[in-house]
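To start, the structure under review is shown below, and the notes come after it.
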Amino acid sequence: AAAARSSADWRTALARSLPDYMVPAVVLDLETLPLGRSGKLDRTALLRLVHEQTSDQVNTASPRDHVEHALYRIWQRILLHPAIGVGDNFFDLGGTSLSAIKMAHEVTVAFGRRLPVAEVMVRPTIEALGALLREDGTHRAPGSLIEFRRGSGPRVVCVHPAGGTAFCYLPLAAHLPGHTGLYGIQSPGVNPGEDVLPSVETMAEAYLRLLEPLDHGPLVLTGLSYGGLVAHEMGRLLGAAGRTDVSVVLLDTQATDDAEARAAITAVDAAEFRDKLVRFNGMYPGIDDAQVDRYFRIYNHNRLTAREHVPAASPARLVLAEAVPDGTDTPFHAEVRAFWRRRAQGEFRVETMACDHWEILEGAETARVAALLAAELAHHEGQSTHATHSVAVPAGEAR
């Protein structure tokens, strides 16, 4: 007769009374257990039910905040493993007792608090260690610009979706050329003591100021959904200032000229937001109510700024990666394409992605998005090389 709880609710409650390594990854509410003919538990049926009820969750492997991201980078340096998820066991990825000692030392240096090696043994995942390290809040949150990979060449900069965090873009690093720098921009307000910015235009200007230390060479700006609106405005400003080595890749960013449709965008209530947070694996162990509230306020704030923003025409190269589930094109898809085509003063193209809106950075689609970004960088690198060669050839020797 108890009220139903989400998997995240159960995990949060259990985390208060169980060691983190004992908190289950998935919790399933059932009226009865599935039984076989002999009356014993039918584990195959149970796993099928788990899959059916959890298969729509995304971002299950990437870090979800600055604590997990810091741990992720430490693990990368020590394990040299190409694919590390927040739920992966340190020792299953090749960690040894010696590398555990090294990892514990690096965590101690990075977080300013001692991590006994014994804790690594009983909390062998990034998720579990992150929950422990959040307890005393000793690790200072970074600013809005996050370096996923420095690189030595051109850069890809990813703007946060409406939820405010940028860690959903981290998997792109595994598929981009090794010399490419990858950065994420998070919404001010994600961390304690920060204020949100009032509009998409203000965000674009502020985020470009963040990029000034990196302001050289080809640049690709991208953003999922809401992030595409901000990325487009950033590209427009750079293009208007004379930059010709900038592309904007919109990841299923939807917009309309219909004032009534924009007016219909409203704030969501706490229950709907909580469902979204669970779907994006945002209810991680150790998250506190204050952080959930910050995410809630940022999400609604960004929705309302999208309602007030009408993208202007831009000279920057524009690519729309449009999610078309099952390849079934609709009048709505055509309307979105037409909207962005009207905004493109330069080259514009559309790439169709056979997935839904929220799967565009999941699974095989991640590699395809990375290929689009890499192609834009290659275009600008080629243009830069051609321009350099043209200047270098003396006029009398030109053919």
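The values are calculated or read from the model by the stated rules, or taken from the named source; none is laboratory data. None of these values were measured; they are calculated from a predicted model. Neighbour counts run over all protein chains shown; Cβ positions are idealised from the backbone, glycine included. Accessible surface is based on the protein model in full, side chains and every heavy atom, while ligands, DNA and RNA are left aside. Shrake-Rupley method; radii C 1.70, N 1.55, O 1.52, S 1.80 Å.
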Quiz item: Of Pro154, Pro218, Pro19, which is the most mobile in a GNM of the chain whose springs link Cα atoms less than 10 angstrom apart?
Solution: Pro19
Exercise. List the extent of the Cα atoms of the stretch 251-342 along each of their three principal axes, largest first, rounded to whole Å.
Key: 45, 31, 26
Quiz prompt | Net charge dipole size for the stretch 159-282 [Lys, Arg +1 and Asp, Glu -1 on Cβ; Debye, nearest 20] | solution = 340 debye
Self-check item: Heavy-atom SASA rank of Arg43, Arg134, Arg341 (probe 1.4 Å, accessible area, largest first)
Solution: Arg43, Arg341, Arg134
Quiz item: At a probe size of 1.4 Å, how large is the accessible area of Leu172, to the nearest 10 Å²?
Solution: 0 Å²
Quiz prompt | Sequence of Tyr207, Tyr72 when ordered by accessible area, the most exposed leading, probe 1.4 angstrom | solution = Tyr72, Tyr207
Practice problem: Calculate the all-directions average of the projected area of the stretch 301-344's alpha-carbon convex hull, and give it in nm². | Solution: 4.0 nm²
Quiz item: Roughly speaking, to the nearest percent, how much of the chain's 1.4 Å accessible area is carbon and sulfur?
Solution: 54 percent
Quiz item: Tell me, how many Å apart are the Cα centres for the stretch 225-281 and for the stretch 168-205?
Solution: 13 Å
Quiz item: Taking the Cα centre of the chain as the origin and placing charges on Cβ (Lys, Arg +1; Asp, Glu -1), which of Val120, Tyr169, Val67 is farthest toward the positive end of the dipole?
Solution: Val120
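Return one whole number: the accessible area per residue of the stretch 144-221 in Å², for a 1.4 Å probe.
Details: 2790 Å² over 78 residues.
Ligands and nucleic acids excluded, the figure is 36 Å² per residue.
Grab the DSSP H runs of the chain that are 4 residues or longer, score each as -39,500 (n - 2.57), total them, divide by all residues and round the 222 nm result to the nearest 500 deg cm²/dmol. Could you put the intermediate results ahead of the total?
Values: 13 runs with 168 residues, N = 399.
The helix contribution divided over the chain gives -13500 deg cm²/dmol.
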Quiz item: Taking Cα pairs under 8 Å and at least six residues apart, what relative contact order does the stretch 200-336 come out at, in percent?
Solution: 33 percent
Quiz item: Looking only at Lys102, Lys276, Lys40, which one moves most when the chain is put into a Gaussian network model with springs between Cα atoms under 10 Å?
Solution: Lys40
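Students sometimes get this wrong: rank His379, His309 by accessible area, probe 1.4 Å, all chains present, largest first.
Numbers: His379 60, His309 10 Å².
Putting His379, His309 in descending order of accessible area: His379, His309.
Of all the C-alpha pairs in the stretch 126-256, what % are more than 20 Å from each other?
On the way: 3908 of 8515 pairs.
So the pairs more than 20 Å apart make up 46 percent of the total in the stretch 126-256.
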Quiz item: If you wrap a convex hull around the C-alpha atoms of the chain and split its volume per residue, what is the figure in Å³?
Solution: 194 Å³
Quiz item: By DSSP, what percent of the beta bridges with both residues in the chain are antiparallel, rounded to the nearest 5?
Solution: 15 percent
Self-check item: Prolate/oblate/rounded label for the stretch 45-193 (Cα gyration tensor, a/c 1.5)
Solution: rounded
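Suppose a student asked you for the relative contact order of the chain, using Cα pairs under 8 Å spaced at least 6 residues apart; what percent would you report?
16 percent
Give me the orientation-averaged projected area of the Cα convex hull of the stretch 233-391, in nm², one decimal. If you can, show how the numbers build up before the last one.
Numbers: hull surface 48.4 nm².
Mean shadow area of the hull around the Cα atoms is 12.1 nm².
For the stretch 256-333, report the accessible area per residue in Å² (1.4 Å probe, heavy atoms, rounded to an integer). Kindly include the intermediate steps, with their values, before the conclusion.
Numbers: 3730 Å² over 78 residues.
About 48 Å² of surface per residue is accessible.
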Quiz item: Highest GNM mean-square fluctuation, the chain, Cα pairs closer than 10 Å: which of Ala70, Ala231, Ala334?
Solution: Ala334
